[in-house]
Amino acid sequence: MALVKAGVLILDCAEPEKLAEFYKELLEGEQTHASANLVEIQGADGVRLAFRRDVNATPPSWPRPENSLQVHLDFLVEDLDEAERRVVGLGGRPIEARDTAGPYEERGYSDPAGHSFTLRMVPNRAPKQG
């Protein structure tokens with residue numbers, strides 16, 4: 001039996017209710033817990049995130065070096081354009097950053113509280129024809 005059964009990534013923010021709503025909608029999930037200072041959600045695919053109230057929270061400034069990257073989330077998507085429309089419609093913002101080298105097409109964003117995350121294309125796993 002595993003000692004640790006599940007993990008929850010917790011983001012500090014000034015307004016956990018609002019940030020939880022953003023990610024709940026983005027991940028097509030549900031709220032699983034709420035208290036005065038913490039809101040937890042579970043996405044449709046099982047990912048668990050929580051948002052803890054910190055009235056002194058300041059948004060990361062990534063990719064700038066001052067107050068830079070504190071945490072970074074990657075979400076796999078099948079259609080980058082559709083996912084981007086959803087992110088922007090929910091209040092997220094594109095981040096201008098250098099292209100990341102690698103085999104995946106990806107785009108960077110910040111959530112309404114300023115945390116950075118990436119939408120990354122699901123790699124095509126179909127066998128090559130020919």
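The values are calculated or read from the model by the stated rules, or taken from the named source; none is laboratory data. Keep in mind the model is a prediction, meaning the values are calculated, not measured. When we count neighbours, we look across all protein chains shown, and the Cβ atoms used for this are built from the backbone with ideal geometry, even at glycine. Keep in mind that these areas ignore ligands, DNA and RNA; they rest on the heavy atoms of the full protein, side chains included. Shrake-Rupley method; radii C 1.70, N 1.55, O 1.52, S 1.80 Å.
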Would you list the strands (runs of 3 or more DSSP E) that sit entirely within the range 57-126 and hold 3 or more residues that are at pLDDT 80 or above and surrounded by 18 or more Cβ atoms within 10 Å (Cβ to Cβ)? 106-110, 116-121
Quick check on this structure: which one of Arg48, Arg52 is open to solvent by 70 Å² or more (accessible area, probe 1.4 Å), modelled with pLDDT under 95, in contact with a helix residue (DSSP H, G or I) (Cβ under 9 Å, 6 or more places away or on another chain) and not polar (S, T, N, Q)? Arg52
